[in-house]
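The values are calculated or read from the model by the stated rules, or taken from the named source; none is laboratory data. These numbers were taken from a predicted model, which means no experiment stands behind them. Note: ideal-geometry Cβ built from the backbone for every residue, glycine included; neighbour counts use all protein chains shown.
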Amino acid sequence: MRHLLSRESGEVLAQLAWSRVLVAFDFDGTLAPIVANREMAQMRARTSDLFAKVCSLYPCAVISGRSQPDVSARLGAAPIKYVIGNHGLEPGASLNEFEEEIAHARASLEKTLAGIAGVDLEDKRYSLALHYRRSRNKRLARSAILAAVAALAVRMRVVPGKLIVNVVPERAPNKGDALMELRSAEQADTALYVGDDVTDEDVFELDQPGRLLTVRVGESRSSAAAYFLRDQKEMDRLLAKLIALREERPAT
Ligand SMILES: [Mg+2]
């Protein structure tokens, strides 16, 4: 994993910025800092200004685990081209089926997990998020959640995250599928993707040499991302660099 803002990475980023590129980001932990209360998550004012400018210079996408309306409402007035919610499945095909599966799963999980203190079920219509940030015994809460999901009548995909277990319909497209579809819809040659969590590994694991640059917020040995930012605050530097590079793009 290499640092994206190092001098050595400058050329890679410049080549990308001067290509026909789709620029895509996760939201929580990437564009916005992680906060204890997920309802309060928002971009810093400076990030928000830079992000709006990047959206005016590049075709941009946000691909979040939040529902699409939820994440859209957090992007301010940025002229963003694509907003994808629910880990890559919203908008998309088969939403009615996913909604039905999730409603059944929710009813069952509410029953099974009723006795586990500190577990919050978030219903995002096409997927569920089981938060255990408030739980005193996090290991116990996590294993109770995983056991309850494994016992569901309809098999679900489990995506662990930061003090959260995401429950997604098994056949639903993931963030990687969503990004590939957007890159081709945009007829872009390359894509840049920045994320910070387990669900972003679906993008990081794509094998797209020369056509996808993957960046993780936070260096990690277990991640498949090729580059990293040291922390979420470095997002502002990356956005500023993307702006500067596009503005000084050599005439073709
Ligand atoms: Mg995230």
Taking the criterion of being among the hydrophobic types (A, V, I, L, M, F, W, C), within 16 Å of the ligand (Cβ to nearest atom) and assigned to a helix (DSSP H, G or I), would at least one residue in the stretch 218-234 satisfy it?
no
Being touching a Ser or Thr at 6+ places or on another chain (Cβ under 8 Å) and crowded, with 17+ Cβ neighbours inside 10 Å is the filter here, so list the residues in the stretch 214-225 that pass it.
216, 217, 225
State all residues of the stretch 129-155 that are within 16 Å of the ligand (Cβ to nearest atom) and not in a strand (DSSP E or B); if no residue qualifies, say none.
133
From 80, 84, grab the single residue that is without any contact (Cβ under 8 Å) to a residue 60 or more places away in the chain and within 28 Å of residue 44 (Cβ to Cβ).
80
Could you check residue 59 against (1) touching a strand residue (DSSP E or B) at 6+ places or on another chain (Cβ under 9 Å); (2) surrounded by fewer than 16 Cβ atoms within 10 Å (Cβ to Cβ) and say which number it fails?
(2)
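Do we find a residue being in contact (Cβ under 8 Å) with a residue 40 or more places away in the chain, closer than 14 Å to residue 191 by Cβ and away from the ligand (no atom under 15 Å from the Cβ) anywhere in the stretch 37-52?
Taking every residue of the stretch 37-52 in turn, none turns out to be in contact (Cβ under 8 Å) with a residue 40 or more places away in the chain, closer than 14 Å to residue 191 by Cβ and away from the ligand (no atom under 15 Å from the Cβ).
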Which condition does residue 158 not pass, out of (1) on the phi < 0 side of the Ramachandran plot; (2) surrounded by fewer than 19 Cβ atoms within 10 Å (Cβ to Cβ); (3) within 16 Å of the ligand (Cβ to nearest atom); (4) hydrophobic (A, V, I, L, M, F, W, C), if it passes all the others?
(3)
Specify the residue that is modelled with the lowest pLDDT; the eligible residues are those in the stretch 161-175 that are within 16 Å of the ligand (Cβ to nearest atom) and aliphatic (A, V, I, L, M).
163
Test result for residue 251, surrounded by fewer than 18 Cβ atoms within 10 Å (Cβ to Cβ) and within 18 Å of the chain's Cα centre (by Cα)
no
Scan the stretch 32-42 and tell me whether some residue there is closer than 24 Å to residue 180 by Cα and surrounded by 14 or more Cβ atoms within 10 Å (Cβ to Cβ).
yes
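Hey, could you check the stretch 169-183 for residues that are outside any helix (DSSP H, G or I) and within 14 Å of the chain's Cα centre (by Cα) and say which is surrounded by the fewest Cβ atoms within 10 Å (Cβ to Cβ)?
Residues of the stretch 169-183 outside any helix (DSSP H, G or I): 169-174.
Cutting the leftovers down to within 14 Å of the chain's Cα centre (by Cα) gives us 173-174.
Values: 173: 22, 174: 20.
Here the residue is 174.
Matching residues to (1) in contact with a helix residue (DSSP H, G or I) (Cβ under 6 Å, 6 or more places away or on another chain); (2) outside the structural domain of residue 158 (by TED's automatic domain parsing):
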position	(1), (2)
34	no, yes
44	no, yes
48	no, yes
55	no, yes
58	no, yes
65	yes, yes
70	no, yes
80	yes, yes
100	no, no
Members of the stretch 176-201 that are more than 23 Å from residue 220 (Cα to Cα) and within 16 Å of the ligand (Cβ to nearest atom)
178
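Sort through 92, 29, 85, 65 and tell me the only one that's of a type in the set (Gly, Ala, Ser), surrounded by 15 or more Cβ atoms within 10 Å (Cβ to Cβ), over 21 Å from residue 233 (Cα atoms) and within 16 Å of the ligand (Cβ to nearest atom).
It is 85.
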Just to be sure, is residue 103 modelled with pLDDT of 95 or more and either assigned to a helix (DSSP H, G or I) or hydroxyl-bearing (Ser, Thr, Tyr) (or both)?
yes
